[in-house]
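**Q** Just dropping this structure here.
The values are calculated or read from the model by the stated rules, or taken from the named source; none is laboratory data. All values derive from a computational prediction rather than experimental measurement. All Cβ positions, glycine included, derive from the backbone under ideal geometry; neighbour counts span all protein chains shown. Ligands, DNA and RNA are stripped out before the accessible areas are found, and what is left, the full protein with its side chains, is counted by its heavy atoms. Shrake-Rupley method; radii C 1.70, N 1.55, O 1.52, S 1.80 Å.
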Amino acid sequence: SADVILNDWASLLPPNQIRAMQKYSGITGARARGVLAQARVDIGEIAWEPAMAVFMKTSLPKFEAITMRACPGADRIPAGCFGVLTSLSYNRGASYTKARTDSDHQDRYREMRNIRALVANGGLERVPAEIRSMKRLWPNVAGLRRRRDAEAKLDMMTAELIDAQAEVKELMRQLGDA
């Protein structure tokens, strides 16, 4: 909303840029596609530093909370794995319980539902495969396919790191017992 934009950006951007952002607040779907080019002109470029400041202060905590509510067991997984789930929530919405409808011939949220079940039931090692499986939804969108591969790799590497740390602890214990 216009108030949220003002609250989040007031200390970071000039008033004319904030007003331009507010002008386009709440516009979605086909109407948004129709005004996107003009919005880019009106708003202009936002520097990395203020954008990252708003992301870290407001967007990230919001989507972390959404992820915690949407995925039982998310509070018990490694930080890197939680980061991957938060990325999915941010980019796809917290659609972890969205049911398939008759008009959804691709079952667009199948992997999201599967990930929710895996997190709840301790099947983290199978989450990367579910993330990669989402690429079926965007066969011709290289950027989204790369994003899913990166998320899957980060999730897998985090889980492997946790396993390696446990192995090191066990080896240290064995050396101490020797």
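**Q** Report whether or not residue 73 is at positive phi, small (Gly, Ala, Ser) and open to solvent by less than 70 Å² (accessible area, probe 1.4 Å).
**A** Answer is yes for this residue.
**Q** Still on this structure: I'd like to check something: does the range 110-132 contain any residue that is more than 24 Å from residue 62 (Cβ to Cβ), in contact with a Phe, Trp or Tyr (Cβ under 7 Å, 6 or more places away or on another chain) and not hydrophobic (A, V, I, L, M, F, W, C)?
**A** Within the range 110-132 (the criterion being more than 24 Å from residue 62 (Cβ to Cβ), in contact with a Phe, Trp or Tyr (Cβ under 7 Å, 6 or more places away or on another chain) and not hydrophobic (A, V, I, L, M, F, W, C)), the answer is no, since none of the residues qualifies.
**Q** OK, next. Spot the failing condition for residue 79; the list is (1) open to solvent by 50 Å² or more (accessible area, probe 1.4 Å); (2) within 12 Å of the chain's Cα centre (by Cα); (3) small (Gly, Ala, Ser), and only one is missed.
**A** Of (1) open to solvent by 50 Å² or more (accessible area, probe 1.4 Å); (2) within 12 Å of the chain's Cα centre (by Cα); (3) small (Gly, Ala, Ser), only one is false for residue 79: (2).
Per-residue answers, yes or no, for (1) of a type outside the set (Lys, Arg); (2) under 26 Å from residue 146 (Cβ atoms):
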| residue | (1), (2) |
| --- | --- |
| 4 | yes, no |
| 16 | yes, no |
| 33 | no, yes |
| 51 | yes, yes |
| 60 | yes, yes |
| 80 | yes, yes |
| 85 | yes, yes |
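**Q** Of these, 91, 114, which one is open to solvent by 50 Å² or more (accessible area, probe 1.4 Å) and touching a residue at least 40 places away in the same chain (Cβ under 8 Å)?
**A** 91
**Q** Any idea which of (1) hydrophobic (A, V, I, L, M, F, W, C); (2) free of Cβ contacts under 8 Å to residues at least 60 places away in the same chain; (3) surrounded by 13 or more Cβ atoms within 10 Å (Cβ to Cβ) is the one residue 141 doesn't satisfy?
**A** Failed condition: (3).
Listed here are the residues, each with its yes/no results for (1) in contact (Cβ under 8 Å) with a residue 12 or more places away in the chain; (2) open to solvent by 50 Å² or more (accessible area, probe 1.4 Å); (3) more than 21 Å from residue 74 (Cβ to Cβ); (4) in contact with a Cys (Cβ under 7 Å, 6 or more places away or on another chain).
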| site | (1), (2), (3), (4) |
| --- | --- |
| 101 | no, yes, yes, no |
| 105 | no, yes, yes, no |
| 119 | yes, no, no, yes |
| 124 | yes, no, no, yes |
| 130 | yes, no, no, no |
| 136 | yes, yes, yes, no |
| 153 | yes, yes, no, no |
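**Q** Residue 162 is checked against (1) open to solvent by less than 40 Å² (accessible area, probe 1.4 Å); (2) closer than 24 Å to residue 65 by Cβ; (3) at pLDDT below 85 and fails just one. What number does that condition carry?
**A** Checking residue 162 against (1) open to solvent by less than 40 Å² (accessible area, probe 1.4 Å); (2) closer than 24 Å to residue 65 by Cβ; (3) at pLDDT below 85, the one that fails is (1).
**Q** Yes or no: the range 65-74 includes at least one residue that is over 25 Å from residue 148 (Cα atoms) and among the aliphatic types (A, V, I, L, M).
**A** Within the range 65-74, none of the residues are over 25 Å from residue 148 (Cα atoms) and among the aliphatic types (A, V, I, L, M).
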